[in-house]
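A short worksheet on the structure shown next.
The values are calculated or read from the model by the stated rules, or taken from the named source; none is laboratory data. Remember, it's a predicted structure, so these values are computed and weren't measured experimentally. Using ideal geometry, Cβ is built from the backbone for each residue, glycine included, and neighbour counts are taken over all protein chains shown. Quick note on the areas: whole protein, heavy atoms, side chains included, nothing else; ligands and nucleic acids left out. Shrake-Rupley method; radii C 1.70, N 1.55, O 1.52, S 1.80 Å.
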Amino acid sequence: MTDKISPSMMCADITSLTKTLDTFEKCGIEYLHIDIMDGHFVPNFTLGTDYCKAIKKICNIPLDIHLMIEKPEEKLSWFQFGEGDIVSVHAESTAHLQKALAQIKKCGAKAFVALNPSTPICVLDYILDDIDGVMIMAVNPGFAGQKMVPSCLEKISYLRSYLDGKGYSNVEIEVDGNVSFENAVKMKKAGANIFVAGTSSVFNKDFSLEDGIALFRQKIGEA
């Protein structure tokens with residue numbers, strides 16, 4: 001599987017958004033990671049439906065929409081997403097996970113399941129035919145700038161073996177949370193291939209966006 005970078009738009013400077021998106025397009029960024037938080041599933045509010053629509057009007061990069069919301073199956077119709085986009089719903093957020101995944105696929109998007117650090121892999125046992133990918137949370141969701149939960153590396157490795165062993169080697173693994181340059185290398189070696197890049201890498205203030213992206217690709221390319 002090819003490696004893909006999905007910069008966290010929660011970390012982008014809203015006052016220079018057009019310039020940031022232009023840079024991402026020039027650098028071949030594969031996805032734009034958009035965190036949607038409802039203040040219930042996680043203790044924070046972030047980007048919303050209008051933000052997603054606005055991004056689609058001014059940028060051709062597919063969206064990577066991360067729904068940290070309760071009962072996502074009741075709210076998917078609020079969004080405009082389609083072919084090429086990723087939509088992730090949390091296994092912990094709904095009693096009707098398969099229903100939510102089916103709705104995402106019906107719209108033409110890729111259906112991903114997000115798992116919090118303490119959520120076991122076995123929750124995937126009966127939805128493997130319904131998913132295109134799994135997002136492993138390397139932190140407890142809700143806030144940027146957290147440290148990686150060390151056990152996530154073992155979890156990524158176990159998940160890759162689990163998927164391959166069941167004949168789902170095509171299912172991608174995305175990782176979100178403290179994806180620093182150093183941690184990205186470890187995550188890649190464990191089996192991840194989509195990386196949500198935030199303040200500890202692409203948006204690191206010690207680098208320009210172009211240099212941060214180039215260094216990130218170099219690091220995961222060497223892993």
Residue 163: passes all of (1) in contact with a Ser or Thr (Cβ under 7 Å, 6 or more places away or on another chain); (2) touching a residue at least 40 places away in the same chain (Cβ under 8 Å) but (2)
Out of all the residues in the stretch 86-104, which are in contact with a helix residue (DSSP H, G or I) (Cβ under 8 Å, 6 or more places away or on another chain) and small (Gly, Ala, Ser)? 91, 93, 100, 102
Among the residues of the stretch 54-94, how many are over 13 Å from residue 112 (Cα atoms), modelled with pLDDT of 95 or more and among the hydrophobic types (A, V, I, L, M, F, W, C)? 1
List the number of the failed condition for residue 131; all other conditions in (1) in contact (Cβ under 8 Å) with a residue 40 or more places away in the chain; (2) of a type in the set (Val, Ile, Thr); (3) touching a Ser or Thr at 6+ places or on another chain (Cβ under 8 Å) hold. (3)
Looking only at the stretch 51-87, which residues are more than 16 Å from residue 30 (Cβ to Cβ), open to solvent by less than 20 Å² (accessible area, probe 1.4 Å) and in a helix (DSSP H, G or I)? 52, 72, 76
Looking at the stretch 97-107, which of its residues are open to solvent by 10 Å² or more (accessible area, probe 1.4 Å) and either out of contact with any Leu (no Cβ under 9 Å at 6 or more places or on another chain) or assigned to a strand (DSSP E or B) (or both)? 97, 98, 99, 102, 105, 106
